[in-house]
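The values are calculated or read from the model by the stated rules, or taken from the named source; none is laboratory data. Owing to the predicted nature of the structure, the values given are computational and were not obtained by experimental measurement. For neighbour counting, all protein chains shown are included, and Cβ atoms are generated from backbone atoms with ideal geometry for every residue, glycine included. Protein only, heavy atoms only, side chains kept; ligands, DNA and RNA dropped before computing areas. Shrake-Rupley method; radii C 1.70, N 1.55, O 1.52, S 1.80 Å.
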Amino acid sequence: MGWLAAGDTYEVALVEGRVVARSASAKSPAEGRRERTLPAEIRERPEVVELQRFAEWLDRHAAECVAQVDNWMVSSLPVPTALLAQVWPDEAWQTALRDIVVVGEGPDEVGFLRDADESQGLRVVNLDGETVRLTSRTVTMPHPVLLPDLEELRTFAAESGVVQGVEQILRATWPAPGDSDGGDTDVVTEFAGAEYRSWFHLSARATSLGYRISGSRVVDRIRDAGRVFTASVGMSDPYTEEKAWTGGLSWSHGDGYRSLPLHEVGPVAYSEGMRMAAALHAGRTVPTDGAE
C-alpha cells in the first residue's frame, strides 16, 4: 500500500499493521523518515481514521482465519481442496494455512501444505522432503493425536524450520486412557486445585484462552469423529470464597451434564480437555517463595 496525503504536511500509510506518518515535503523516499508517533494534528483526519479502521479489520480477519483453520484441525473435518485454492491468494489465509499438515484420500498422501491452485490441486512437502501434488477432492488437517507419524513430522519440521500459523504438530497432546488405565472413572483430578486470587481472575484466564464460562464450569465443546463432547473444569463458588480454585475435569455428550466414563471419550476430546485443564493450571497464582 502506498502513501496517502494527510493534509499538506504529512503522508500516511499502513506499515506492518499500524498507521505511520512521514513528512510530505521530502524530496525522496530516503529523506521521508517516519514519525515515531502519529502527529496530533492529523490523528482525526479521515485518511488516518479510515486506515486505522482498515488495520483493525485486517487484524480481525487474520484472527478469524486462524480460528477457522484451528476448528478444521481440532475437528479433523474434510475441507474441499477447491475452497483452499480460492482462499489461498489472501495473505491472512495463507499465514493460517501454510505448513499445516494435510492428509488426502490415500494413506501416503500426507505433507506440509505449501500452495493451493484450482487447476493443479495442493502442493505439499512430504516426509522425504519431496514436493508432491494432492488432487483429492477433499483433505483433512488432522488433530495431532490422530497423526500416526507425529514424531517424524515434528522432527522434520524442526530440521526444516517449519513454522505453523495454527498450532498443530507442536500442540500439547494427552493419550486417552484405556479401560486398564482407569478408563472406567469419569473425572480427572491431575490439574485440579489450581488457586487463583479470585473467581474473576480464573474466569478471565479461561476466556482469554478461548474457553467459555457456563455456571460454575469452564467448558470447551469438541467435535470428535462426528460426535460432540463438552469438556468441563469445575470452579469454586464465587459467592462463598474470596479466592478461586479449579476442580476436576470431566466430559459429557453435547451440552449434557452426565459425566462420561473416560473410556467413552474420544481421543481428540480427551486430549483437548486435558489441554484446557493444563492451561488453567499453568495460570494459577504461584506463591512468591515458590512453594506449591
Check: Among all residue pairs at least 6 apart or on different chains, which show Cβ distances below 8 Å where the first residue, located in region 253-274, is closer than 19 Å to Leu77 by Cβ and the second is in a loop (DSSP other than H, G, I, E, B) and of a type in the set (S, T, N, Q)?
Finding: Val268/Ser76; Ser271/Thr173
Checklist line | Qualifying positions in region 246-292 - within 16 Å of Ile213 (Cβ to Cβ) and surrounded by fewer than 17 Cβ atoms within 10 Å (Cβ to Cβ) | finding: Asp255, Tyr257
Margin query: Any residue at all in region 95-112 that's touching a residue at least 40 places away in the same chain (Cβ under 8 Å), open to solvent by 20 Å² or more (accessible area, probe 1.4 Å), out of contact with any Ser or Thr (no Cβ under 8 Å at 6 or more places or on another chain) and under 30 Å from Thr155 (Cβ atoms)?
Written below: yes
Item checked: Number of the exception - Val74 against (1) open to solvent by 40 Å² or more (accessible area, probe 1.4 Å); (2) in a helix (DSSP H, G or I); (3) among the β-branched types (Val, Ile, Thr); (4) over 20 Å from Ala116 (Cα atoms) -> (1)
Next item on the list: May I ask you to list the residues in region 203-230 that are closer than 12 Å to Ala279 by Cβ and either open to solvent by less than 20 Å² (accessible area, probe 1.4 Å) or over 19 Å from the mean Cα position of the chain (by Cα) (or both)?
Entry: Ala206, Val218
Notebook entry, point to check: When Val162 is evaluated against the numbered criteria (1) touching a residue at least 40 places away in the same chain (Cβ under 8 Å); (2) farther than 30 Å from Asp128 by Cα; (3) open to solvent by 20 Å² or more (accessible area, probe 1.4 Å), which criterion, by number, is the only one it fails?
Noted result: (2)
Note to self: Restricting to region 78-89, and then to whatever is assigned to a loop (DSSP other than H, G, I, E, B) and within 21 Å of His61 (Cα to Cα), can you tell me which residue is least open to solvent (accessible area, probe 1.4 Å)?
What the structure shows: Trp88
Note to self: So for region 35-45 (the condition being at pLDDT below 85, farther than 30 Å from Glu118 by Cα, surrounded by 13 or more Cβ atoms within 10 Å (Cβ to Cβ) and not aromatic (Phe, Trp, Tyr)), does at least one residue qualify?
What the structure shows: yes
Checklist line | Only listed residue being out of contact with any Pro (no Cβ under 9 Å at 6 or more places or on another chain) and either surrounded by 15 or more Cβ atoms within 10 Å (Cβ to Cβ) or part of a strand (DSSP E or B) (or both), chosen from Ala67, Ala63, Ala21, Ala92 | finding: Ala92
Check: Name the strands (runs of 3 or more DSSP E) wholly within region 101-170 that hold at least 3 residues that are within 22 Å of Val66 (Cβ to Cβ)?
Finding: 101-103, 110-117, 121-125
Note to self: I'd like the full set of residues that are in contact (Cβ under 8 Å) with a residue 40 or more places away in the chain and among the hydrophobic types (A, V, I, L, M, F, W, C), limited to region 227-250.
What the structure shows: Phe229, Ala231, Val233, Ala244, Trp245, Leu249
Checklist line | Residue among Arg133, Arg123 that is open to solvent by 50 Å² or more (accessible area, probe 1.4 Å), in contact with a strand residue (DSSP E or B) (Cβ under 7 Å, 6 or more places away or on another chain) and under 17 Å from Pro107 (Cβ atoms) | finding: Arg133
Note to self: Here's a check for you: in region 46-72, which residue that is closer than 14 Å to Leu14 by Cβ and small (Gly, Ala, Ser) is modelled with the highest pLDDT?
What the structure shows: Ala62
